[in-house]
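Engineer: Just passing along the structure, written as structure tokens.
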Amino acid sequence: MIRRPVSSRYSHLLQWLLHVNKDRQVKLGLQNMQDLQKYLGSSHSNEAFRTFHVGGTNGKGSVCWKIAKSLESQGYRVGLFASPHISSFRERMSVNGSPISEDDVEALLPDIVDACINHDIPATFFELTTILSLGFFNAKEVDFAVYEVGLGGRLDSTNIITPDVSVITSVSLDHTNILGDTVEEIATEKGGIIKPGIPVVTGPNVPHHVLKPMAEKIKSPYVEVKTTGSQDFNDENKQIALTALNQIFPDLTRDSVEDALESLPPCRFQRFLHSIETGSSKEIDSIHFDDVQRCSSTVEVVLDVAHNPDAFSRLFSKLRAQYFPLPETAQKMIAVHKDDTKTPPKIITIIGLAASKDIGKCLKIVVEGSDEVYFVRARSDRALDVSELAVMASNYNLEDKCQVIRDGDVMSTVKDVINNVRDQKSIVVACGSFFLMKEVRTVLNIPQAIDDYDLNERFSDNFLATEQAADSNAKA
């Protein structure tokens, strides 16, 4: 039974959301969403605006961002729903780049709470967040909304929408304890967002032999994005986003939205120069090299939320392309304070992982691509303890490069690593989880809104996703 929050103030509503999944099993399915829409009405549906629905193992967040930014560049009012957040719950839903305000949460969420209590709807954190976003986008009268699938697709709460375009970016092994042990099983779950008669755009790294028959069965136009030949996820994601946009705007060209397609959400191979002397950080894409030359004792830091084998493989491929051999821009960056452009930089990786990941494969890719590796544990129920990561590294004979300092505390480790590499040619890479990024950005003094409560989903102890549970929800 859902209890009423202490008050309708933002902080109390966050605390209530934090505990809504506690002490009960969470089942994937659409019944709660259907019940909420039944009682809340069209103000919490997507009837009034056009929608893109984007799923996939990797790339879905970036593709959502690119689609939203492209639409904004054409003068539209665009809602974006994405997860998880990094430092503030309000990041999950925004309109033209502006996150939902605390006032809007206070105005919109209580009606949803009332519907749950009055009609005994055991809605989960993610279901409540999804239905809140629909109310928010309606209140802000958006023209378009872009929805990122939370987990899987078929039974994800975002699948309550009827989109104008569905997108499946890629399929690889991730969340195997929930979605299935094979790429084919996972693809079947992700293909659940394909809707009758609505085009579905698929990236080059999906099992077409699974998805295409699913689309054909319900007469959904199946649009394949061909491989770009690049190992860079960003090139692939740009083409997927443009192809999705072309389903509604066939005359839209790459040139007209190039800047939007090139842009990335936070912590996707996001590069900063951090000054040891001032403690400040500047994003490299926004820095003029003449300005950099006036800085001393700077360290380059890369933030990336890669968290499964496929994503780690792409991340380290991109690092190799960026620095081995050194392109002209990287030579300039290093020459600012190293005076040596012939030798590639040392890659120092700070990594924390969630318990549900394929740890062995992830560690192998990361350790082989790094000169030094430091294990950390993010402040999340789902994070693996550093001692477990160390044991895994030992099991794979990877321990020589791996270290734990400061008991794996994220902020202390980042500070120590940065201070100790200031006189070396080094690139610090922080990766492995969304849950690390808030603390890493805090150390780097990167501006961010921070809530009083860590409000990311918790599936560790109370998540139920057996086929029996999934099937019963699907039929309900």
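The values are calculated or read from the model by the stated rules, or taken from the named source; none is laboratory data. Just so it is clear, the structure is predicted and the values come from calculations on it, not from any experiment. Please note: Cβ atoms are built from the backbone with ideal geometry, for glycine as well, and neighbour counts cover all protein chains shown. We work out accessible area using only protein heavy atoms, side chains counted, and drop any ligands, DNA or RNA first. Shrake-Rupley method; radii C 1.70, N 1.55, O 1.52, S 1.80 Å.
Engineer: Counting only heavy atoms of the protein chains, get the accessible area per residue of the range 8-70 (1.4 Å probe) and round it to a whole Å² value.
Structural biologist: With all protein chains present, the range 8-70 gives 40 Å² per residue.
Engineer: What does the charge add up to near T227, with Lys and Arg as +1, Asp and Glu as -1, over the other residues with Cβ less than 11 Å from its Cβ? Kindly include the intermediate steps, with their values, before the conclusion.
Structural biologist: Values: positive: K226; negative: E224, D235, E236.
Here the charged neighbours net out to -2.
Engineer: Across the range 394-410, in residue order, what do the Karplus-derived ³J(HN,Hα) couplings come to in whole Hz, using 6.51 cos²θ - 1.76 cosθ + 1.60 with θ = phi - 60° and x for Gly and Pro?
Structural biologist: 5, 4, 9, 6, 10, 6, 4, 8, 9, 9, 10, 10, 6, 6, x, 5, 4
Engineer: Calculate, in whole percent, how much of the Cα-Cα pair population of the range 1-122 lies beyond 19 Å.
Structural biologist: Values: 4321 of 7381 pairs.
Cα-Cα pairs in the range 1-122 separated by more than 19 Å: 59 percent.
Engineer: Is there a pair in K27/K140; K226/K318; K238/K364; K27/K438; K69/K226; K69/K217 whose C-alpha atoms are over 25 Å apart, and which pairs would that be?
Structural biologist: Violating the 25 Å limit, Cα to Cα: K27/K140; K238/K364; K27/K438; K69/K217.
Engineer: Which order do the peptides 161-171, 33-43, 205-215 take when ranked by the mean count of other beta-carbon atoms within 10 Å per residue, highest first?
Structural biologist: Working: 161-171: 25.1, 33-43: 16.0, 205-215: 17.6.
Those peptides, ordered most packed to least, come out 161-171, 205-215, 33-43.
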